[in-house]
Amino acid sequence: FFYFVAGTMRILPALIVCIALYVSYCESQCVFTEGEYYSYTEVLNCFHSILLTDDVKYTTLETLKRSIEVYAFYDIAHDSPDPDLPLQVNMQLGLEQIANRPYVYDMDFQEDLRYLFLQLNDAHTQSYLPTCYQNVLIRQGLAPVGWGDTPENFQIRVSPYYPDDLIQYYSSIGFDITSYTNYTIQTINGVNSYEYFMNYANSSIGMGKDVGTRFNYALTVPEPRADINLIQYGYWQVRTHRNPFPGTDAIEYGLISPSGQKETLVLPWSFKALKTYTGVDSWMEDYYAPAYDEESLLKAADEWAEREITGDIKPVVEHVFMETSAKTKKMIDNHKQELLQRYFGAAASSMTFELLVNSTHLTFWQLSDNETLVMYLDTMEPGKFTGFVPTLVEGFEMAAQRGLSRLIIDLTNNGGGNICLGRALLAFLQRDGWAGNGQNWGPQDLPLSVFAEQLINSAVENDVSSTVWSPAFYANQDGQNINNTDTSYLLPGVPHLRGGLVRQYSKLLHINGCGDWGYDLYPAVDFSPSETLIITKGLCGSTCALFANHMALYDDVRTVVLGGMPGRQQMQYTSFPGLQVLEKKPLFGQFIKLKQNVSWVPYADIDPNSVVPRLLPTQADFRYCVREIYPPEASYSTKPMEFNFQQANYHYFNNELTANYPEYAWYQVLDLFN
C-alpha cells in the first residue's frame, strides 16, 4: 500500500526495489559445499550478509557486562603488577566503547568483541564468533619457521610442512607451494618479516602474557615426534575461532631463494567450507541461538562436574594441527639429513629416537645415550579411559627394563585440559624423595560480587554441591572438606587491592581429592627431581601450567624453554596458569542449577536491577577464568600465578635444526644432567 504523503509516493517504490535487490543478493550468498574452496570475496560477502540488529548488539553486551563479574582477573588486568607481563585492559570500558560504536555488519561487531578479549592475553578468557563464521577454514599455503637469538640474525623461512589438501588447492590455481621450501621470507606485505610477525603476535594471538610465547606461536610449531610429521599451524597461518579474518585477499611475500635470487610471490588465502550451506537461510541457522533448552545446559554442567572428578574429558575439536603430506616426506627427510650433517657431522648417525610405546597424545622415547627416557605429552585432555593410563604405566615399565635413569618431560604444544588429570600425573610422579610428595593441590580462591554471593547462597539453600559456587566443592588449606552449609570460606571474603580496584575474594581453598587416583598407580622407575627436566615452548597452559609449575615450585624440577623473542633472555615456561576455565554452556548450566533465570529476553525487557547474565541471542561463545591459583605458601598479598612471571631455568633459542625438527632439542639439553 502507499502512504498519501507528499514525497512518499516517490520514495517507497525505490525502497521496495532496493529491498528486492537485497533479498535477491542474499539468496545468492552463502552457498557452500563441505570440503570445497571459495574466494575471499565469496566468503566475505557471505559474512556480510548478516546485518547487526540492536537486539543482538545490546543483549550480547549486557550479558558480557554481567558475566564478567565471575572473571578472576577483572581487577588486576587493569594494571599488571609484573613488568615482565605488561597488561592494562579495562574490560567494562572496552564493552562500553563497543556499545557506542556504530556497526552495519554483525561480523565487525563480533570481531571487535574478540579483539577486546584477546588483549587480556589469556587463553582462558576469550570471545568467539557465532558458529557459522567458524565453519570456514582459513589458511595460508606457506608454513613459516624462525630461528636466531637477536633481531638482526633472526631468519624466517618456509618450512617443508604442507598438508595434502593445501598442495592440491594451490596447484589447482597455479601455485606449486612446495617449490618455495627453504626460501627466506624477507618481507610480508612490504614489512620486514620479523617486525610483521612480532606485530601480529602482540595484536592478534592473545594466548599468553609472555611476548616470547606469542611470537613462537605466530610461527609454525612442528611436533617433536620422530614417528610422524605433524605440526601445529602457527596462529598466523591458520585463522581459528581465536584469530582475525584476513584484511586482504592475498599475502605478498618478498622471498629470497636458497641460491640468493629475490622473488615476489602473491599468494591468495584459502577458504575451505567445513559444512554445506544452501544459502543465507541455512547459514543463519548456525548464527541464531537455538530455542532455550534447559536440559542441554544442565547436561553440560553435569558433564563438566563429572570430568572434574574422573579426569576424563572430550578433546576440543580445533583445526590447529595438521599431518603433513606423504608427498613431501622425502623432501622433509632430505632436509633433515642436510641439517644434521651441518650441525653434528658424523655424530648425527648416533642420535636416534627409539619409540617405546605410544597412544594418541602420549609418547615415550629412548635416546641413544641409553640413560634418558623422553615422555612427550601434547595435551592434558586425553582422559584416563582413552589409553592414557596403560601407556603411562607401560612407558615407565620399559624404562625400568632398560635401566633408564633420566627423564625429559616435553610439553610442547600442551595447552592444558582436565585439572584432575594433571593432578593425577603429579600424584603418579611425586614419590619418596620428592619434596612435593603428598602435596597434590595448590592454594586457590575465587572472586566475589553481588552475583557470586547470590550463587553461593542458592547453592546452600538448594543443597547443590557440584558447582564452582558450592562450598562443598572445596576443601580448606588443611585438606578438610567444607560442608555445603558452611559459607565462611567463601563469604564475606577477603579484600584485595589489585589493578587500582578493591575486590572481595574467598579465603584460600582447593578441590579436594582431585586426581588422587594417581596415587593408585606406581611408576616402575622413581626418577629423582634432579634427574628430571621439563621442556616447553612457552605455551604450556592451564592444567599443563599447573603441572609444570607444581613440579618446579614444589619439587625443584628444572625447566627449559625453547625459541621466543630474539634478544630477550627472560621467558616463561608456562602460559595462562589462571586456573579454572568455564565455557558458556557449563557456565550457564551451573547458573540454572543454582536457580537463576538465564533465558533470553529482548533488550527492552531486561530488568536493569538484575545481576544475572542472560543467554546470548546468537551462537557466539565466550569463556572465563573463574578461579585463580597462587604459588606455594601464598599469603593474601601474593600475586596470583597468572601475573607471577615464572622464568625458565634455561632458555635455548632455536637454530635451524630445532626450529624444523624440535626433537633434536632433547639431545641439546642432555648436558644439563651433568
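What pairs in 537/595; 65/537; 272/329; 209/327; 209/584; 275/595 have C-alpha atoms more than 32 Å from each other? Exceeds cut-off: 537/595; 65/537; 209/327; 275/595.
Stretching the chain fully between residue 405 and residue 501 yields a gain of 29.6 nm (0.36 nm per residue, less the alpha carbon separation). Between the range 595-667 and the range 45-71, the C-alpha centres lie 21 angstrom from each other.
The modelled label-to-label distance between residue 278 and residue 461, using points 7 Å beyond Cα along the C-beta direction, is 4.8 nm. For the range 354-362, the Karplus equation 6.51 cos²θ - 1.76 cosθ + 1.60, evaluated at θ = phi - 60°, returns couplings of 9, 6, 8, 6, 8, 9, 4, 10, 10 Hz by residue, with Gly and Pro reported as x. Backbone amide hydrogens, once placed in the peptide plane, bring residue 221 within less than 5 Å of 232, 234, excluding anything fewer than 5 places away on its chain. Measuring with a 1.4 angstrom probe and ignoring ligands and nucleic acids, residue 487 comes out at about 40 Å² accessible. Subtracting the Cα-Cα distance of residue 293 and residue 650 from 0.36 nm times their residue separation leaves 123.5 nm of extension gain. Using a probe of 1.4 angstrom and keeping all protein chains present, the accessible surface of the chain works out to 38 square angstrom per residue. Each residue was assigned an accessible area with a 1.4 Å probe, and for residue 252 the value is about 90 Å². Spin-label model, residue 302 to residue 670: label points 7 Å out along the Cα-to-beta-carbon direction sit 5.4 nm apart. The string of couplings for the range 483-499 from the Karplus curve (6.51, -1.76, 1.60, θ = phi - 60°) is 6, 5, 8, 9, 8, 5, 7, 9, 10, x, x, 10, x, 10, 9, 9, x Hz, one whole number per residue in order, with x for Gly and Pro.
Here Cα Rg over 2.2 N^0.38 Å was calculated from the structure, and among (i) 1.00; (ii) 1.43; (iii) 1.17 it sits at label (i). For the range 266-275, the Karplus equation 6.51 cos²θ - 1.76 cosθ + 1.60, evaluated at θ = phi - 60°, returns couplings of 9, 10, x, 5, 9, 10, 10, 6, 9, 7 Hz by residue, with Gly and Pro reported as x. Need the C-alpha centroid separation for the range 342-400 versus the range 133-167, integer Å. First find each Cα centre; the distance between them is then 27 Å. For 176, 106, the ranking by accessible surface with the largest value first comes to 176, 106, using a 1.4 Å probe.
By a 1.4 Å probe calculation restricted to protein chains, residue 502 has an accessible surface near 110 Å², given to the nearest 10. Solvent-accessible area assigned to carbon and sulfur over the chain amounts to 51 percent, based on a 1.4 Å probe. Rounded to the nearest 20 debye, the dipole size of the chain about its Cα centre is 860 debye, using +1 on the Cβ of Lys and Arg and -1 on the Cβ of Asp and Glu. Each Lys and Arg contributes +1 and each Asp and Glu -1, all at the Cβ; summed about the Cα centre of the range 328-377, the dipole is approximately 280 debye.
Hey, can you list the DSSP H helices of the chain whose Cα span along the axis is 20 Å or longer and whose average Kyte-Doolittle score is at least -1.0? Walk me through the numbers on the way to the answer.
On the way: long enough: 8-27 (28 Å, 1.50); 294-310 (24 Å, -0.84); 329-344 (22 Å, -1.34).
Qualifying helices: 8-27, 294-310.
In straight-distance terms, cross-link reach from residue 507 covers every one of the lysines whose alpha-carbon lies under 17 Å from its own, apart from those fewer than eight places away in the same chain; here that gives 639. Remark: spin-label model distance residue 333-residue 45 equals 4.7 nm, labels positioned 7 Å along the Cα→Cβ axis.
The values are calculated or read from the model by the stated rules, or taken from the named source; none is laboratory data. Small disclaimer: the values here were computed from a predicted structure and weren't measured. Cβ coordinates were reconstructed from backbone atoms using ideal geometry, including for glycine residues, and neighbour counts include every protein chain displayed. Protein only, heavy atoms only, side chains kept; ligands, DNA and RNA dropped before computing areas. Shrake-Rupley method; radii C 1.70, N 1.55, O 1.52, S 1.80 Å.
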